[in-house]
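Input: a single structure, listed below in structure tokens.
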Amino acid sequence: MATLGQLFWSFFKIGTFTLGGGYAMIPLMEKELVDVHKWLGGDEFVETVALAQAMPGIFAVNLATAVGRKLRGLPGAIVSVVGNIVMPVAIILLLAGGMRYIRGNEIVEAVFKGVRPVVVALIAAPVFRMARTANISRRNFWIPVVAALLVWLLGVSPIWVILAAAAGGFVYAKLTQRKEPES
């Protein structure tokens, strides 16, 4: 069982050492919560990530809230969220205060350009791992691809994509349920 101190420290590390926002935190969270501490199983982690994505608000805060609450109730949720956001907030405040001094600085711009591909890789790696856990195969991989393209290229609201996916899943389940012989 996780102590409040362990929760704070784990989420503090995640919030401190992650560049690129909430989705870039997924690999570090998975390593910390599933591999190191074994507080969550792999499937449970994927479900918690899906829940955090579906909830309104900031993804990283939603995930910290869900994990902290599951492990230690309301105090765990509070400690996890505070641990997760304390360093990013401090860094943002420092950057905001010094922005006029670093704006247009070629070295700073080069650093940010160099970090972009790393952030993309940090986000892509857990997507592929979670795809395996979610049983996405060659037969059904087109579903998340079409969903992403609808949102990205055509500007369809993710809400409509989620509702369409839920309706499609319901219809598919009903159709395949009828075909199975009763025992």
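Just so it is clear, none of the values below were taken in a lab; they were calculated from the coordinates. Computed from a predicted model, the values in this text were never measured in an experiment. We place every Cβ from the backbone using ideal geometry, glycine too, and count neighbours over all the protein chains shown.
Per-residue ellipticity at 222 nm computed for the chain from its helices equals -25500 deg cm²/dmol, with DSSP H segments shorter than 4 residues left out and the rest contributing -39,500 (n - 2.57).
Global size of the stretch 59-116: 16.2, 47 Å for Rg and Dmax (C-alpha atoms, Rg to one decimal, Dmax whole).
Can you flag which of 70/113; 13/113; 70/174; 13/70 are past 27 Å Cα-Cα? Those over the limit are 70/113; 70/174.
Coupling constants for the stretch 137-143 follow from the phi torsions by the Karplus curve (6.51 cos²θ - 1.76 cosθ + 1.60, θ = phi - 60°), and in residue order they are 10, 5, 6, 10, 5, 5, 5 Hz; glycine and proline get x. GNM on the chain, alpha-carbon springs under 10 angstrom: the most fluctuating residue among 151, 81, 46 is 151. Ordered by the count of other Cβ atoms within 10 Å of each Cβ, fewest first, 17, 11 give 17, 11. Counting neighbouring beta carbons within 10 Å and listing from fewest to most, the residues 23, 172 come out as 172, 23. A cut-off of 5 Å between modelled amide H atoms, ignoring neighbours fewer than 5 places along the same chain, links residue 156 with 151.
Rounded to whole numbers, the Karplus 3J(HN,Hα) couplings from phi for the stretch 22-34 are x, 5, 5, 6, 3, x, 5, 5, 4, 4, 5, 7, 9 Hz, using 6.51 cos²θ - 1.76 cosθ + 1.60 with θ = phi - 60°, and x at Gly and Pro.
Could you work out the relative contact order of the chain? I mean the mean sequence separation of Cα pairs under 8 Å and 6+ apart, divided by the number of residues, in percent.
25
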